[in-house]
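The values are calculated or read from the model by the stated rules, or taken from the named source; none is laboratory data. Because the structure is predicted, anything quoted here is derived from the model rather than measured. All Cβ positions, glycine included, derive from the backbone under ideal geometry; neighbour counts span all protein chains shown. SASA here: full protein model, heavy atoms, side chains in, ligands and nucleic acids out. Shrake-Rupley method; radii C 1.70, N 1.55, O 1.52, S 1.80 Å.
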Amino acid sequence: RTNLVSNATVSEFVNNTITMKTVFALLLALVASAAAFTGTPLQLTRSSPAAVRSNARSTLVMRERACDLLGKTANRKARVVTFSHKRIHKVQQVNLQWKRFYSDDLGRQVRLRLSTKGIKTVNKYGSIDAAAKKFGVNLGKF
C-alpha cells in the first residue's frame, strides 16, 4: 500500500510539473508575441535625430551679421547711460535687409544681405555691378 501511494504521488508530481512547464512556456510565448506586435520597432542602436540630420547635406549656412557690400558689422562699444549715470554696454546691430538686384554682368538676379546704407550706395551708383566693382565684391558668390 505504501508503494502505491508513493507511485501515485510521484506520477501526480510528474504530471503537475509537465503541466506547469507547458503553462510557463505558453505564458512566455504570449508575452513575447505581444511585445512583437506593439507597433514600435526595436532600436538596436541609439542615435539622436540631430545625428541623422547631419548625414544629409544641409543648405543652411551660418553667416556673419555683416553687410555683403560694405562689410559693416555691429557696434560692440555702444553704451546706455541711465538716469543714475550708470554706463551699461550694449550691442548696436546693423540694419540688414535681404535684397535682390539684377546683375547685367552675370545675366541673373543676385540676392544680397545689405545694410540700409548699402542699399543707398547701390542706388547712388545706379546698379549693383557698379557698386560691387567700386567695393571689390565678387557677385558670382551670391
Inset, instruction - Output the pairs from LYS77/LYS133; LYS86/LYS117; LYS99/LYS124; LYS77/LYS134 with a Cα-Cα distance over 27 Å in this structure; if there are none, say none. - result: LYS77/LYS133; LYS86/LYS117; LYS77/LYS134
Legend entry - Karplus 3J(HN,Hα) series, Hz, for region 105-117 with 6.51 cos²θ - 1.76 cosθ + 1.60 (x for Gly, Pro): 5, 8, x, 8, 7, 10, 10, 10, 9, 10, 6, 5, 5
Inset, instruction - Work out the charge dipole of region 88-142 with +1 on the Cβ of Lys and Arg and -1 on the Cβ of Asp and Glu about the Cα centre, then indicate which of PHE135, THR121, GLN97 is farthest towards its positive end. - result: GLN97
Inset, instruction - Leaving out ligands and nucleic acids, note down the accessible area per residue over region 90-142 with a 1.4 angstrom probe, in whole Å². - result: 67 Å²
Legend entry - Under-5 Å amide H pairs with ALA74, H placed in peptide plane, nonlocal only: VAL94
